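The values are calculated or read from the model by the stated rules, or taken from the named source; none is laboratory data. What you see is a predicted model; the values in this text were computed from it and never measured. Backbone-built Cβ (ideal geometry, glycine too); neighbour counts: all protein chains shown. Keep in mind that these areas ignore ligands, DNA and RNA; they rest on the heavy atoms of the full protein, side chains included. Shrake-Rupley method; radii C 1.70, N 1.55, O 1.52, S 1.80 Å.
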Amino acid sequence: MIANGFVWALYGHLAHLPNVKYANMVGIMLGSYYFKEWTAAAAASVSGAIIYHKLAITWIVLMNFFVAARFPRKVATEIVGKEGVFVFVLLFASPLSALKE
């Protein structure tokens, strides 16, 4: 949720869409709170998963900063927007994978 909020907030910034940007900044804060609570509650049983989640969030944020800084605004907006759709689909698909078990 943190990564999804960050990607869409960055997209809103690049595309000059303040409603998208600020709504997803709230999503980043709420996702961070949820992640903090989840890591506290599940620390012993899924410590490896917590590390992978932190690494994934870090890489997504860093790579998007790189894209925003190195590419022209129009190209960066396209890349970040398509990535946002991809992450959004993953968020909806991940609970469905748990149904198979």
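Within segment 47-56, the set of residues being under 19 Å from L91 (Cα atoms) and either modelled with pLDDT under 90 or open to solvent by 100 Å² or more (accessible area, probe 1.4 Å) (or both) comprises A49, I50, I51, Y52, H53, K54, A56. Please enumerate the residues belonging to segment 63-81 that are surrounded by 12 or more Cβ atoms within 10 Å (Cβ to Cβ), out of contact with any helix residue (DSSP H, G or I) (no Cβ under 8 Å at 6 or more places or on another chain) and of a type outside the set (A, V, I, L, M, F, W, C). Within segment 63-81, E78 is the sole residue that qualifies. Counting the residues of segment 31-46 that are more than 17 Å from V87 (Cα to Cα) and open to solvent by 40 Å² or more (accessible area, probe 1.4 Å) gives 11.
Filtered by the rule that a residue be without any contact (Cβ under 8 Å) to a residue 24 or more places away in the chain, closer than 30 Å to K74 by Cα and not aliphatic (A, V, I, L, M), segment 14-55 gives H16, P18, N19, K21, Y22, N24, H53, K54.
Remark: A23 matches the filter, which requires a residue to be modelled with pLDDT of 90 or more, part of a helix (DSSP H, G or I) and out of contact with any strand residue (DSSP E or B) (no Cβ under 7 Å at 6 or more places or on another chain). The numbered conditions (1) more than 13 Å from I2 (Cβ to Cβ); (2) open to solvent by 40 Å² or more (accessible area, probe 1.4 Å); (3) part of a helix (DSSP H, G or I); (4) not polar (S, T, N, Q) are all true for H16 except (3).
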